[in-house]
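Participant: I'd like to ask some things about the structure below.
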Amino acid sequence: MPRSYTGSVATDQALAGFAGGAVSTICLHPLDLIKTRFQVNASQGSPRIGGTLRSFQEIYRNEGFRHGLYRGLTPNFAGATVSWGLYFYLYAGIKSGMTVDPNTGRLGPTQHMAASMLGGALTAVVTNPFWVIKTRMCTTKKTSPGAYQSMFEGLVSLVRTEGMKGLYRGMIPALFGVSHGAIQFMAYEQLKYWRQEVKRKSWEKQFLEEVRGKVNDSISETAPGIQSSERAGISMDTETFEKLRQARLLEKKYDWETLSTVEYLCMAASSKVAATVATYPYQVLRSRLQMMNNPQSEVVYTGVIDCIRKIKRAEGIIGFYKGVAPNVIRVLPGTCITFLVYETVSAWCRNHARYGLDD
């Protein structure tokens with residue numbers, strides 16, 4: 001049984017993901033709100049430099065801090081924490097049922113992507129109602145006619161006026177967004193694996209050099225067996241060498257799978273940027289389809305294809321990237337915070353494991 005704090009590695013991962021999503025959402029919600037308002041803006045004007053800062057100042061001045069910059073925090077917090085917690089739970093559970101590569105003892109990039117996409121799709125289905133309410137609250141002022149005053153009121157009103165179908169507005173682009181998480185986690189896992197391999201090989205080299213010095217004889221790094229040396233009075237075959245290596249590993253408690261904070265942050269940021277650039281347009285489509293219908297608006301979207309055509313015709317390609325600036329400003333620190341908290345909580349669960357200690 002693998003070492004775990006709760007008795008299940010998947011549950012440990014869910015707790016870590018929940019904590020990461022909670023901290024990140026609370027810290028960076030204002031940028032999420034600004035991004036969402038940019039996304040649903042159907043004007044033909046191109047984004048201006050400094051628009052994020054000007055929007056921040058305008059919302060704070062006209063709507064205030066709590067009811068302005070932090071409007072929609074509750075559904076965003078619920079959606080983010082449930083998403084991260086459920087996603088990591090499913091992601092870890094799906095991976096545990098996969099067959100590892102016999103040569104490396106690890107899962108390959110394709111398996112990481114498959115686990116991420118399946119976990120992401122299931123998570124999207126469960127959490128979509130939160131995102132509908134969050135989009136509608138973030139794109140309306142608290143004093144606007146018909147605006148939701150709370151997450152609960154929004155859910156009740158949405159079901160009453162639009163039925164269960166309303167809870168799943170924007171579901172199709174949300175499923176497109178599964179590729180975002182898949183690309184992000186495939187890149188993150190691969191970067192982490194490469195760095196861990198570098199550290200492992202460095203430790204192996206150091207260990208070989210240490211043993212070579214003790215036996216006063218050359219050792220092949222490709223075939224680590226050490227032949228007897230009368231001069232040093234030591235006899236060590238391959239099996240003995242491997243036992244010594246394992247014993248030394250336990251003695252030093254050297255864990256090359258634990259990386260530094262800076263390494264985690266760099267890998268999280270790099271993987272997030274790659275995924276964001278590749279998949280951002282789905283977020284614009286989802287927000288447009290989820291926003292509250294405005295009778296005074298001349299733009300009404302009847303579906304995903306209709307939304308794509310109207311954005312392309314009226315706003316051009318740039319229309320699919322509206323809000324990308326505040327999104328990048330938000331996702332970089334947000335991802336770093338999420339993954340840092342996630343890895344920290346995961347490490348704490350491993351270090352304080354109550355199960356699997358005798359394995």
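Bear in mind these aren't lab numbers, they're just calculated from the coordinates by the rules spelled out. Treat the numbers as computed from the prediction; the structure is a model and nothing was measured. Methodologically, a virtual Cβ is constructed for each residue, glycine included, from the backbone with ideal geometry; neighbour enumeration extends over all protein chains shown.
Participant: Place a point 7 Å from the Cα of Phe152 along the Cα-to-Cβ direction; which residues of segment 75-104 have their backbone N under 14 Å from it?
Facilitator: Once the point is set 7 Å along Cα→Cβ of Phe152, 75 turn out to lie under 14 Å by backbone N, inside segment 75-104.
Participant: Let me ask something else about it. Simple spin-label model, 7 Å along Cα-to-Cβ: Ile305 to Thr110 in nm?
Facilitator: Distance between label points: 3.2 nm.
Participant: Which pairs, out of Lys165/Lys312; Lys165/Lys322; Lys205/Lys243; Lys35/Lys165, put more than 22 Å between their alpha-carbon atoms?
Facilitator: Lys165/Lys312; Lys165/Lys322; Lys35/Lys165
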